[in-house]
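Each remark here refers to the structure printed beneath this line.
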Amino acid sequence: MKTLFKPLLACLITAGALAAPQALAADIKPRIIRFGYGLAEDSNQGRAVKLFADEVAKRSGGKLKVKGFGSASLGNDVQMQNALIGGAQEMMVGSTATLVGVEKDFGVYDLPFLFANEKEADTVLDGPFGQKLIGRLPAKGLVGLTYWENGFRNVTNTKRPITRFEDFQGIKLRVMQNPVYIDMFNSFGANAVPLAFAELFTALETRAVDGQENPVNTIQSSKFYEVQKYLSVTKHVYSPWVMTASKKWWDGLSRDEQKILQDAAVVSRAFERKDSRAEAMRSVKFLTQQGMKINMVSDAELKRMRDKAKPAFDKFAANGGAEVLKDLQGALGQLRK
Ligand code: TK8
């Protein structure tokens, strides 16, 4: 027996040294994976999709080819989610806020002033709470691979700087297609208009709406500074992105293929967060140079906004969200102990 094993072992070692380590005897078929996203190629989202594609290629010996489709060229977030559920598209990354049509509880992330900083967000999203929520998706036809950072959202508009919630009075503000955002901004006195991101630039340019809210990265990469004058740093919501796959398609993949995608997703997460945070630090200066008038909102005024938004919390809880909200507040409480 001993003598038989040796040549076999030698063979395996040679094969291992020659083949790409991941691809060794792995069950990987050549596949094209259409990966859609809403922002421009030259955005934090686009850069991370590219990194994910490279990582998947590397780990699959070039067999799995992720093709990125930016600027909502495969459809807006909601349309892509439906394409994934139906099996007409393989993967996407988009806002958790637009997922509420598929799984209502994702709306919990949209409640204002929950996360105090990025570190809290990372810990909760990557920990049991965030994973439990992602775990609801397969029953709805999606597989959630990981969260990325969209970021803390800030308000831009053409009318006036927002220094207190009273300044929202009468401003037509585009929000994501999500009831929590509609309730929140209406309670501040704005006129909240739900609209797909893909239509936002034109809506701002034609003055169909006066303003919008997004992280500074997006205000930069989507060139909103060309059509918006005031940027008010409110950081009212920490907004995650979530990378999802079509469950119909995912179930047809081998375990090796699934593992490659899952592992590459985790690598892309680390890259994306680091890249987004570095860019956010530079964006404020860039946006000032483009002529935007930027104001910070005081903590006292942010607290008034938070109090004013209380009805959005109550309504979310009353509409079946009480448990998920309690869970999230519990997870945050643990962190802050
Ligand atoms: C991109 C969107 C975007 C989001 C929005 O498709 O709609 O305002 O912040 O990032 O998901």
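3J(HN,Hα) couplings calculated from phi for the stretch 309-315 with the Karplus curve 6.51 cos²θ - 1.76 cosθ + 1.60 (θ = phi - 60°) are, in sequence order, 7, 3, x, 5, 5, 4, 5 Hz; Gly and Pro show x.
Between Q169 and K58, the C-beta separation translates, for a Förster distance of 41 Å, into a calculated FRET efficiency of about 0.20.
Over 29 Å between Cα atoms: which of K223/K308; K159/K223; K50/K119 fall into that group? If you can, show how the numbers build up before the last one.
Values: K223/K308 31 Å; K159/K223 18 Å; K50/K119 25 Å.
Beyond 29 Å: K223/K308.
Across the stretch 286-298, coupling constants 3J(HN,Hα) worked out from phi with the 6.51/-1.76/1.60 Karplus curve, θ = phi - 60°, read 4, 5, 5, 4, 7, x, 6, 9, 10, 10, 8, 9, 5 Hz, and Gly and Pro carry x.
Using amide H atoms built 1.01 Å from N in the peptide plane, name the residues 5+ places from A116, or on other chains, whose amide H lies under 5 Å from its own. Here the answer is none, since no amide H 5 or more places off falls under 5 Å of that of A116. Cβ-Cβ distance of K223 and A300, R₀ of 30 Å, FRET efficiency by 1/(1 + (r/R0)^6): the value works out to about 0.35.
Computed from Cα atoms, the angle from the helix 2-18 axis to the main principal axis of the chain rounds to 40 degrees. Taking the charge dipole of the stretch 28-336 about its Cα centre, with +1 at Lys and Arg Cβ atoms and -1 at Asp and Glu Cβ atoms, the residue from L111, N178, V227 reaching farthest to the positive side is V227.
Multiplying the residue separation of A116 and N191 by 0.36 nm and subtracting their alpha-carbon distance yields 24.3 nm. According to the square roots a ≥ b ≥ c of the eigenvalues of the Cα gyration tensor, what is the shape class of the stretch 193-337, taking rounded for a/c under 1.5, prolate for a/b larger than b/c otherwise, and oblate for the remainder? Here the stretch 193-337 falls in the oblate category.
Translational diffusion coefficient, Stokes-Einstein: compute it for the chain using the Kirkwood radius over C-alpha pairs as Rh, at 37 °C and 0.692 mPa s, and state it as an integer in µm² s⁻¹. Estimated diffusion coefficient is 155 µm²/s.
Inter-label distance, T123 to A278: 2.5 nm, where each label sits 7 Å from its Cα along the C-beta direction. Remark on G87: its backbone amide H falls under 5 Å from none of the residues 5 or more positions apart or on other chains, H modelled at 1.01 Å from N.
Averaged per residue, what accessible surface does the stretch 28-336 expose to a 1.4 Å probe, in Å²? Walk me through the intermediate numbers first.
Numbers: 12740 Å² over 309 residues.
Per residue, the stretch 28-336 has an accessible area of 41 Å².
Our summary gives the stretch 28-336 a relative contact order of 26 percent, counting only alpha carbon pairs under 8 angstrom and 6 or more residues apart.
Scanning residues 5 or more positions from E149 or on other chains, those with amide H under 5 Å from its amide H are W241, R273, with H placed 1.01 Å from N in the peptide plane.
Distance between the 7 Å Cα→Cβ label points at L335 and Q289: 3.3 nm. Axis of helix 44-59 versus longest Cα principal axis of the chain: the two differ by about 10°, to the nearest ten degrees. Computed over the chain with a Gaussian network model linking Cα atoms closer than 10 Å, the most mobile of R47, R31, R306 is R31.
The values are calculated or read from the model by the stated rules, or taken from the named source; none is laboratory data. Keep in mind it's a predicted model, so treat the numbers as computed, not measured. When we count neighbours, we look across all protein chains shown, and the Cβ atoms used for this are built from the backbone with ideal geometry, even at glycine. To get the accessible areas, we keep the full protein, side chains included, count just its heavy atoms, and leave off ligands, DNA and RNA. Shrake-Rupley method; radii C 1.70, N 1.55, O 1.52, S 1.80 Å.
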